[in-house]
6 protein chains.
Amino acid sequence: MSIVADFNAYREKMNGKILAQGNTNLKRFWALDASTYSEGALPVKVKEMLGLVSSMVLRCDDCIRYHLGKCHEQQVTTEELFEVFAIANLVGGSIVIPHTRRALEYWEELQTLE
Amino acid sequence: MSIVADFNAYREKMNGKILAQGNTNLKRFWALDASTYSEGALPVKVKEMLGLVSSMVLRCDDCIRYHLGKCHEQQVTTEELFEVFAIANLVGGSIVIPHTRRALEYWEELQTLE
Amino acid sequence: MSIVADFNAYREKMNGKILAQGNTNLKRFWALDASTYSEGALPVKVKEMLGLVSSMVLRCDDCIRYHLGKCHEQQVTTEELFEVFAIANLVGGSIVIPHTRRALEYWEELQTLE
Amino acid sequence: MSIVADFNAYREKMNGKILAQGNTNLKRFWALDASTYSEGALPVKVKEMLGLVSSMVLRCDDCIRYHLGKCHEQQVTTEELFEVFAIANLVGGSIVIPHTRRALEYWEELQTLE
Amino acid sequence: MSIVADFNAYREKMNGKILAQGNTNLKRFWALDASTYSEGALPVKVKEMLGLVSSMVLRCDDCIRYHLGKCHEQQVTTEELFEVFAIANLVGGSIVIPHTRRALEYWEELQTLE
Amino acid sequence: MSIVADFNAYREKMNGKILAQGNTNLKRFWALDASTYSEGALPVKVKEMLGLVSSMVLRCDDCIRYHLGKCHEQQVTTEELFEVFAIANLVGGSIVIPHTRRALEYWEELQTLE
């Protein structure tokens, strides 16, 4: 199994269990997590890059993977992606470097799935 | 081996090595880590939920596992647990979501060990 | 003007402006911020202490002030409060100390407003 | 004096002193801080919003002010700004709320300087 | 009053109140905060620079001030200090820049108190 | 394969790919990451301990591994290392404990490679 498929499968399985438990506030929070990235004054593509850079500076690998998948759907180019990487490294510092390595590995696999 | 047993075994092995090295300040710090959660004006159960929510917003998976084990011993219910999850997600943001997934997986395994 | 009154006045004024702007997702997020702390399987008092300890380890002075106000309404005692402080200092480290100083100052003023 | 003018004056004065001291690595780092936001595959406007959202989730008020100034120069609209705020609040959690209040106050002053 | 004197006066006053309240775990934690920086295999001067760089990357202005005072007592030179600043900026990213500005301002005042 | 060899191999492979992509700002940032730790007013050994403690309080396992390797090259003793660990635990709190366990495991393997 690939890292993309592994990530998606685990995410889907556990999200299902969490939502099934029925905590209203948690469900509302997760619903917001979807609606906040929808088309608005800013296009989805920009919003997904905003989600990606935030996830990088906060150093959450799974969040990075999620937004990389979305950026890929939105046809962010590799050149654009590296400009997001550069900002994330600058703002968040050298501790972002290991996450950048794993992000690129995931991105490369996303390309092969096209 | 299970994720609970793996976590406990590694934790115990490495803690033993660290304490054996004999740095007094580090040993005192670790002793404090035990005594701070003991019964006081607040019951142990509440203190362990405080430890759990702190570990979640700071996104430390091993700390989360440790406090989940303690919450389980203190008979925190799954419904109560999800209210802690909801606060952690709200305060710490969507970057807490991946840790919530792994926390639930660990919690489910704790239930099966009863 | 006191630090409690200053905090509340500024918070109210700016919250009003933010909500008036009408971004739906932001408004929903803020609504969640209220409902997540309401009575549930866990009592409000415990939830507010969970909010407080999270705010302390994440070192957000204004969030600490907000939850101190709520803890005071919920009749958290000073002895209980210090047990929350002790957990926050232990989990979050010595960088929490300056926030503990400011938290106590705010707490003392809350007592005088009774 | 206004908060915008205060911020800019202090920033300029201290930056001058830091650069005058002549630590090469620090100077290179600060030079990078400028070049990373220049026009590339992504337009400056998008890069500045990326810088803003990163500063918000990392909760650095002065960084937020700096990027608000740049976003204002790039003619980011208030509606777009609030979409950045919504993402920052969602990803970074309710601890971002106090920074959102201060960000709006600064933004309002920027409008009056037009 | 100066920023150095203000910081020290407030710190002393509030520390006194916190220790007077008598929470044993909190008092032990604070005692550790002193003993961990005492002479050992590493000299006090190196330990204080370790405390300073940690405070900078975690962006705690009051912690930075405290360790700047100690570094000054340990006769850290301004050239050495800037090498600590360079590492803190690199590791922690551009969000450390505003703290670097305030750190230099405090350091300059420390020099004038000699 | 060992954890040291695994870490180095993955790091080298991905760094190569990232640098090959040719984003100038990212390349400059990474160049800075090397030059900042070179001999200056402070010796390399002290700088590497500064890098290590920063990585520990920011809880970046891969950064910790990198600096442990460098500290080992600089002949930091185990006793000195534990004093760095003690400061990292104190400043960063108990959430640093799991990273301390993994750091010691890596350090032990570094010793066997001598």
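All of the numbers you see were taken from the coordinates with simple rules; none came from a lab. Source: prediction; values computed, not measured. Note: ideal-geometry Cβ built from the backbone for every residue, glycine included; neighbour counts use all protein chains shown.
Which value results for Rg/Rh of chain A when Rg is the Cα radius of gyration and Rh the Kirkwood radius based on the inverse mean 1/r? Walk me through the numbers on the way to the answer.
Values: Rg = 14.7 Å, Rh = 15.0 Å.
Rg/Rh for chain A comes to 0.98.
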| Cβ neighbours within 10 Å from other chains - mean over F:55-64 | 6
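Based on other C-beta atoms within 10 Å, arrange B:6, F:61 from fewest to most.
Numbers: B:6 11, F:61 16.
Arranged by neighbour count, lowest to highest, B:6, F:61 become B:6, F:61.
Once you keep just the Cα pairs under 8 angstrom separated by 6 or more residues, what percentage relative contact order results for the stretch C:36-96? Please report the intermediate quantities before stating the final value.
Numbers: 44 pairs, mean separation 22.7, N = 61.
Worked out over the stretch C:36-96, it gives 37 percent.
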| remark: Output row for residue B:79: copy-to-copy label distances, label 7 Å along Cα→C-beta, ascending, in nanometres, one decimal, is 3.1, 4.5, 5.8, 5.8, 6.9
| note | Cysteines of the protein assembly as shown without any disulfide-compatible partner (other Cys Cβ under 4.7 Å) are A:71, B:71, C:71, D:71, E:71, F:71
| task | Return an integer: the convex hull volume of the alpha-carbon atoms of the stretch A:4-44, in Å³ per residue. | result | 69
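Output needed for the protein assembly as shown: three equivalent-ellipsoid semi-axes, defined as square roots of 5 times the C-alpha gyration tensor eigenvalues, in descending order, whole Å.
On the way: eigenvalues 195, 194, 173 Å².
Here the semi-axes work out to 31, 31, 29 Å.
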| Identity and axial distance of the chain D residue whose Cβ lies nearest the axis relating D to C, Å | D:59, 5
| task | For residue B:16, place a label point 7 Å out from Cα along the Cα→Cβ vector, do the same in each other copy, and report the separations in nm, one decimal, smallest first. | result | 4.0, 4.0, 4.9, 6.3, 6.4
| field | Peptide F:44-54 - average C-beta neighbours from other chains (10 Å radius) | value | 6
| message | Longer than 24 Å from Cα to Cα, which of B:47/C:70; B:27/C:47; A:17/B:70; A:70/C:47; B:47/E:27; E:27/E:70 are they? Say none if no pair is. | response | B:27/C:47; A:70/C:47
| said: For residue D:5, place a label point 7 Å from Cα along the Cα-to-Cβ direction in every copy; what are the distances to the other copies, in nm, shortest first? | reply: 2.9, 2.9, 6.4, 6.7, 7.1
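Sorted from largest to smallest, which semi-axis lengths in Å does the alpha carbon gyration tensor of the stretch D:50-114 give for its equivalent ellipsoid, taking the root of 5 times each eigenvalue? Mind dumping the intermediate values first?
Details: eigenvalues 65, 25, 22 Å².
The equivalent ellipsoid of the stretch D:50-114 has semi-axes of 18, 11, 10 Å.
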| said: Suppose each label sits 7 Å from its Cα in the direction of the beta carbon; what would the residue C:74-residue B:44 distance come out to in nanometres? | reply: 2.2
